[in-house]
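Have a look at the structure below before the remarks.
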Amino acid sequence: MRTTRTLAAAATAVAALGVAAPAAVARDGMPGPRNIVALPSVIARGGQLTITVDGCPSGGTATSDAFRPTTLSPTGGGSARGTATIDHKARPGSHSITVNCGGRTLTNPAAFTVVGGVRGGLGGSTSTGATTADMAIGGGLIAAALAGGGLFWMRRRAERQI
């Protein structure tokens, strides 16, 4: 009974590998873009992103919702590279890059992350004014300082009367 279960499990594993292996071999043998790398992977709005694509020997185009279409130039060795400028109105979060090389496309769904920019000269904050949490923390600190000062004054006063 145990032998039958073991043989059935082994046959299932071999069948699954047999179905997946031709797809993997076929993709590796096909020409076209294989790997999209965006550096830096975390970038602020207005920053410059370098995109490198393997399997794109004649160059191509990179597109994303965070930057305008960018031309990828061949670098030799079957790769292409280009530089994109992140739009100032790009939403913060993860963004994808789609590359078109010689009529073949490849998408990296989470190629880079845009972070919210800072307002230079305004204290480095992207919000205006104090938030309710800031007000609560400040009020708590002031109350603690008043209570501590009052307690100290009362103790000092009591020591003089003795």
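Below, the figures for the structure above:
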read-out: Given (1) modelled with pLDDT of 95 or more; (2) open to solvent by 90 Å² or more (accessible area, probe 1.4 Å), number of the condition M1 does not satisfy; value: (1)
read-out: Selected residue (criterion: farthest from V37 (Cα to Cα)) from residues of the range 99-116 that are in a strand (DSSP E or B) and more than 16 Å from the chain's Cα centre (by Cα); value: R104
read-out: Number of positions in the range 74-90 that are loosely packed, with under 13 Cβ neighbours inside 10 Å and assigned to a strand (DSSP E or B); value: 1
read-out: Scan of the range 53-73 for residues that are open to solvent by 30 Å² or more (accessible area, probe 1.4 Å) and either hydroxyl-bearing (S, T, Y) or within 11 Å of G102 (Cβ to Cβ) (or both), ordered by number; value: P57, S58, T61, T63, T71, S73
read-out: Any hit, the range 20-29, residues being modelled with pLDDT of 55 or more and not in a loop (DSSP other than H, G, I, E, B); value: no
read-out: Any hit, the range 135-147, residues being of a type outside the set (A, V, I, L, M, F, W, C) and at pLDDT below 90; value: no
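Okay, residues lined up against (1) loosely packed, with under 10 Cβ neighbours inside 10 Å; (2) out of contact with any Pro (no Cβ under 9 Å at 6 or more places or on another chain); (3) over 30 Å from D87 (Cβ atoms); (4) at pLDDT below 80:
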site: G102; (1), (2), (3), (4): no, no, no, no
site: T105; (1), (2), (3), (4): no, no, no, no
site: N108; (1), (2), (3), (4): no, yes, no, no
site: V118; (1), (2), (3), (4): no, yes, no, yes
site: T126; (1), (2), (3), (4): no, yes, no, yes
site: R157; (1), (2), (3), (4): yes, yes, yes, yes
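The values are calculated or read from the model by the stated rules, or taken from the named source; none is laboratory data. Keep in mind the model is a prediction, meaning the values are calculated, not measured. Cβ: placed from backbone, ideal geometry, glycine included. Neighbour counts: every protein chain shown. When the accessible area is computed, the model is the full protein with side chains, heavy atoms only, and any ligands, DNA or RNA have been set aside. Shrake-Rupley method; radii C 1.70, N 1.55, O 1.52, S 1.80 Å.
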